[in-house]
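Right, one structure below, let's go through it.
Every number in this text was worked out from the coordinates using simple rules, so none of it is lab data. Please read all numbers here as calculations on a predicted model, not as lab measurements. When we count neighbours, we look across all protein chains shown, and the Cβ atoms used for this are built from the backbone with ideal geometry, even at glycine.
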C-alpha cells in the first residue's frame, strides 16, 4: 500500500461528496472505527486492481493500513491522504447519512409552516437530499419519481405498482435547487428554465447501477421534474416470469417461432407492453438470429440484441430507422411503436420479405387494435395476410400477502393493501377465419364472436377468474378497467369474495 504525504484541508472535507461506489467499499462501522473516509475509486495503471482513495488521520500508521487492507474488497488497494481528525469525524456522519440514513435527512428538509423561507441552500445538502430520495425510491420499488413545485412547498410523490403515492413535502427553498441539481446530473442546460428538457444519469444504489431518465417541464409555479427509475432487474425478464396462463404462454411462443409475421402488443402507457416484448425476445436464440430493436428510448438493455434509440431532433425517427435497419440483414425486428402510415407500411413489407416484426400500438383491446392498424393506412388484405397475433394487456395490483395475514401499516405494502402486480392479457391469434374477416372489413363484434369460438378470453372473463381465485379484488379491477368491466361481474362472484 502506498502512502501519500498530501493533506486534505478541513474545508474540503466540509464540502465533501464522496462517490457512492467508494462508500460501498468500506462499511460504516469500519470507517468510523478506523477514522477513514472513502473518497473515490481510481484505476491502477500497472495492473487490474482498483485503488481506493481514503482520508485518514495518520497515513504512515502501518497498523491502520493493515486493518484497512482486511476490510477492502479483493483486488483493491488503498491510498491514504492525511486529514484533521475532527473534520473526519464530522464528515463521516454526513457521508454515510446519504446511504444509510436517507429518511431522517429527507424529514429534516421537510416543509414546516413556521419555518421562515430561505433564498438559497447549501449545494452539498441538496446533493445529499437528492441521493436520499433516489435511494428511497429504489427501495420502495418506485417506477417514477414526481417532484412538483407548489406555492409554499415542493411535493415529492412515488409511483409504486402503477399508483402515485405521497412521499414527502420539502421546503420551498428547494424549488429551484432540485431541478438545478438534476440538470447537472442529466447534463442539461442549467440556464434554461422556460423550455422542456430531457436527459438521463446513473446512480449506484445498494450495489446496483440504477438508471434515471429525467424529464423537466416548465409550469407556472416552477419546473416539474419526473424521473423514470430503470434497473437492470428487468434485463433477464422471461416469458415465464410474466405469470401468464400456460395455454396463453404456449400460444405466444408458437406465434414467436413462426418464420415471419407481425406481432402487435397494445395497451395504455404503463401497461407493461415493453416488458412483455423484451420477455419475448429472451425466448429467441440470440446467437443464431440477428435481433435488432428501434425504441424511444432504449430502457432495458438485452445482451445479444442490437438496440437503437430514435432521435427525432436529428431526423432519425421510426421511418428512417426502419429503412436503415432493413439493410442490416435482421431476422427479428422490434419497433417501439406504430405511429404513422409510412412506418406501418414499411413494417408490413418487412414481414412480407421474411422478417419477424414485433411492435406496439395504442388501442383499448386486442379487437380494437385491428381498427387502429387499418386507420394508419394499412391495406386490410395485407394486414390479414401478415398479422400473426395481437396481445392487449393491463397490470393489476395483487393483494398484499402480509395484510391478508395481519393488516398493518408497517408491512411491505406501506398500508396500501397491495404489493406487486399481475399481467392480464388478451391474446388474439389470427387464424384463417379471423384473417378472412379482417380482409373483408368485418365489424368488431363479428371478429370477437369468431375469436371466442377459437378460445379467445376477454379481459372480463380473465378478471372474473382472477377475482374468484383471490389473485385480484373487485376494487382493483374497477380501478383499472372501469365501470363496464365491473358491471359484467356476476353476483355470485361478488358474494364469494365478500
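Observations on the structure shown:
- Förster-model FRET efficiency, 60 Å R0, residue 89 and residue 461, C-beta, rounded to 0.05: 0.40
- Relative contact order, percent, the chain [alpha-carbon distance under 8 Å, six or more residues apart]: 9 percent
- For region 191-316, convex hull of alpha carbons as volume per residue, Å³: 171 Å³
- Helix axis angle, 85-100 relative to the chain longest principal axis, alpha carbon, degrees: 10 degrees
- Site pair residue 226 and residue 184 shows an inter-label distance of 2.6 nm when each label is modelled 7 Å from Cα along Cα→Cβ.
- With respect to the chain, whose longest principal axis is taken over its alpha-carbon atoms, helix 62-71 is tilted by about 10°.
- What separates the Cα centres of region 175-205 and region 351-408 is a distance of 34 Å.
- Estimated from the Cβ-Cβ distance and a Förster radius of 41 angstrom, the FRET efficiency linking residue 364 and residue 40 is about 0.20.
- Net lengthening on full extension, residue 405/residue 444 (0.36 nm per residue, minus Cα-Cα): 9.6 nm
- Cβ-Cβ distance of residue 374 and residue 125, R₀ of 56 Å, FRET efficiency by 1/(1 + (r/R0)^6): the value works out to about 0.50.
- Model label points for residue 166 and residue 328, set 7 angstrom from Cα along the Cα-to-Cβ axis, are 4.7 nm apart.
- Shape parameters for region 234-457, alpha-carbon atoms, Rg then Dmax in Å: 18.5, 59
- q = 0.27, 0.28, 0.34 Å⁻¹, region 165-208: log10 I(q)/I(0) [Debye, one scatterer per Cα]: -1.00, -1.01, -1.11
- Region 282-409 - Rg over Rh from alpha carbon coordinates, Kirkwood radius: 1.09
- Tilt relative to the chain, helix 459-469 - C-alpha long axis, 0 to 90 degrees, to 10: 60 degrees
- As a rough guide to protection, the peptides 262-274, 242-254 ranked by mean Cβ packing within 10 Å, highest first, stand as 262-274, 242-254.
- Whole-percent pair-distance distribution, where bins are 20 Å wide, for the alpha carbons of the chain: 19, 44, 30, 7, 0
- With 0.36 nm allotted per residue and the present C-alpha distance subtracted, the residue 414-residue 288 stretch has 40.8 nm of extension available.
- Average silhouette area of region 229-286, convex hull of alpha-carbon atoms, in square nanometres: 4.7 nm²
- The modelled label-to-label distance for the pair residue 28/residue 316, using points 7 Å beyond Cα in the direction of Cβ, is 4.3 nm.
- Counted over region 103-230 with a bin width of 5 Å, the fraction of Cα pairs per bin, in whole percents, is 2, 11, 22, 26, 23, 12, 4, 1.
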